[in-house]
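Q: Below are the structure tokens for one structure; questions will follow.
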Amino acid sequence: WLVLGFESSCDETGVALVQTQEGGAPPRLLGQALHSQVAMHADYGGVVPELASRDHIRRVLPLTHEVLAQSGRALTEVDVVAFTRGPGLAGALLVGAGVACALAAALDRPVLGVHHLEGHLLSPFLSADPPEFPFVALLVSGGHTQLMRVDGVGYYELLGETIDDAAGEAFDKSAKLLGLGYPGGPALARLADFGDATAYALPRPLLHSGDLNFSFAGLKTAVLTQARKLEGLPCEQPRADLAASTQAAIVEVLVKKSLKALAATGLRRLVVAGGVGANQQLRADLNRACARQGVRVHYPELALCTDNGAMIALAAAMRLQAGAGQASRDYAFDVRPRWPLDELNREAAPTR
Ligand code: ATP
Ligand code: MG
Ligand code: FE
């Protein structure tokens, strides 16, 4: 099958075409195109929902043509059209859903609404070193921080999650306090390269809580206190030190809790997904810690850590292959701005 996928849950318009493969191999990416609205929202210090929706409308069809040209395929060859049904910004989601359903109706092809987090979660299957089920997933994005046990497509067990800010949010808010632009994660990571991660003793919230939950709100407050002391200082070094110390605090909690989840489940495989999965310090520390425990770690390709259309087309293709989702010719679409991932779960979990 050829699956065309649309992502428009937030501030990235993504379109991609994947092809399912024989013999249980993961679907193959034939082409993808992405437009990030980051520059447009930068002046406002965050995503402006109404502007996001309008920009998705402007970008989605040109991107679709780009993907088809890249893939050397015609629109009429597409078998299934997939779109992000949620969670995300309602107006932004509606653009992808509307375009996907209109195209599918015109082509007389079925549509499938995909869960954005399932897309993130499965994105490492497009990498050169795809994982195998079951695994522990560390999902670290701008809006979510979760540890999950994943036994297959549609078998997701939440092991723990953040009780306040997401890891990406912690990066973004700390970056803002340090006077870095939006989104701050990559900028904070760049500044941290020049800093001493042991310079500031920042809190590691819930590190010893005994469960697999996270909390990052307190860290942000601690960064605020330190950042205030730096105001007006002529020297850049303390800012770099604070950036490095912040990154170290976030990364340490993510690594330790991931190891705990692996120990609790007895699984020997970890999958990292979401924007923060692009963080090089996180990757280095996870690789080191997991190598010591004999655990294999899988990541998405760097470009597929943040939002993209490839992961949406992929998730739809994998759902169809696993018999875990049905594409339908009901074009009366709706979106789910809030949508817990475990609502997707299939009836019985596979025997462990
Ligand atoms: P969600 O998927 O939960 O709805 P989202 O789609 O906004 O949220 P993603 O696109 O997966 O989230 O990731 C964006 C987040 O990743 C931002 O918070 C960004 O700062 C962070 N991020 C991206 N690259 C890096 C990096 N190299 N280091 C740290 N954080 C990063
Ligand atoms: Mg984004
Ligand atoms: Fe996302």
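Q: Taking into account only those residues within segment 16-34 that are touching a residue at least 12 places away in the same chain (Cβ under 8 Å), assigned to a strand (DSSP E or B) and more than 16 Å from ligand 3 (Cβ to nearest atom), which is surrounded by the most Cβ atoms within 10 Å (Cβ to Cβ)? First the steps, then the outcome.
A: Initially, segment 16-34 is screened for residues touching a residue at least 12 places away in the same chain (Cβ under 8 Å), giving 16-20, 26-27, 29-34.
Applying the additional criterion that residues be assigned to a strand (DSSP E or B) yields 16-19, 29-34.
If we keep only those that are more than 16 Å from ligand 3 (Cβ to nearest atom) as well, we get 17-19, 29-31, 33.
On the way: 17: 27, 18: 30, 19: 17, 29: 19, 30: 20, 31: 20, 33: 23.
Filtering first and then ranking leaves 18.
Q: Still on this model: Before we move on, is residue 264 farther than 19 Å from residue 170 by Cα, surrounded by fewer than 21 Cβ atoms within 10 Å (Cβ to Cβ) and in contact (Cβ under 8 Å) with a residue 60 or more places away in the chain?
A: On the way: farther than 19 Å from residue 170 by Cα: yes; surrounded by fewer than 21 Cβ atoms within 10 Å (Cβ to Cβ): yes; in contact (Cβ under 8 Å) with a residue 60 or more places away in the chain: yes.
It is true that residue 264 is farther than 19 Å from residue 170 by Cα, surrounded by fewer than 21 Cβ atoms within 10 Å (Cβ to Cβ) and in contact (Cβ under 8 Å) with a residue 60 or more places away in the chain.
Q: Which one is nearest to residue 76 (Cα to Cα) among residues in segment 6-15 that are in a strand (DSSP E or B) and within 15 Å of ligand 1 (Cβ to nearest atom)? Walk me through how you get there before you give the answer.
A: First, pick out the residues of segment 6-15 that are in a strand (DSSP E or B): 6-7, 12-15.
Then drop every residue that is not within 15 Å of ligand 1 (Cβ to nearest atom), which leaves 6-7, 12-14.
Numbers: 6: 17, 7: 20, 12: 25, 13: 22, 14: 20 Å.
Looking at residues that are in a strand (DSSP E or B) and within 15 Å of ligand 1 (Cβ to nearest atom), I get 6.
Q: What's the total number of residues in segment 278-319 that are in a helix (DSSP H, G or I), within 15 Å of the chain's Cα centre (by Cα) and of a type in the set (Asp, Glu)?
A: 0
Q: I'd like to check something: does segment 172-195 contain any residue that is among the hydroxyl-bearing types (Ser, Thr, Tyr), modelled with pLDDT under 95 and either over 21 Å from residue 299 (Cβ atoms) or assigned to a helix (DSSP H, G or I) (or both)? So that I can check it myself, show each step before the final result.
A: Step one: filter segment 172-195 for residues among the hydroxyl-bearing types (Ser, Thr, Tyr), giving 174, 182.
With modelled with pLDDT under 95 added as a condition, the list becomes 182.
From what's left, either over 21 Å from residue 299 (Cβ atoms) or assigned to a helix (DSSP H, G or I) (or both): 182.
Within segment 172-195 (the criterion being among the hydroxyl-bearing types (Ser, Thr, Tyr), modelled with pLDDT under 95 and either over 21 Å from residue 299 (Cβ atoms) or assigned to a helix (DSSP H, G or I) (or both)), the answer is yes, since at least one residue qualifies.
Q: From 3, 47, which residue is touching a strand residue (DSSP E or B) at 6+ places or on another chain (Cβ under 9 Å) and either of a type in the set (A, V, I, L, M, F, W, C) or surrounded by fewer than 16 Cβ atoms within 10 Å (Cβ to Cβ) (or both)? Lay out the reasoning, then the answer.
A: Working: 47 fails: touching a strand residue (DSSP E or B) at 6+ places or on another chain (Cβ under 9 Å).
Criteria check complete, one pass: 3.
Q: Out of segment 320-332, which residues are surrounded by 20 or more Cβ atoms within 10 Å (Cβ to Cβ) and in a loop (DSSP other than H, G, I, E, B)? Explain how you work it out, then say what you get.
A: Taking segment 320-332 as the starting set, the residues that turn out to be surrounded by 20 or more Cβ atoms within 10 Å (Cβ to Cβ) are 320, 325, 327.
Those that are surrounded by 20 or more Cβ atoms within 10 Å (Cβ to Cβ) and in a loop (DSSP other than H, G, I, E, B): 325, 327.
The values are calculated or read from the model by the stated rules, or taken from the named source; none is laboratory data. Since the model is a prediction, treat every value here as computed from it, not as a measurement. Cβ sites come from the backbone with ideal geometry, for glycine too, and all protein chains shown count toward neighbours.
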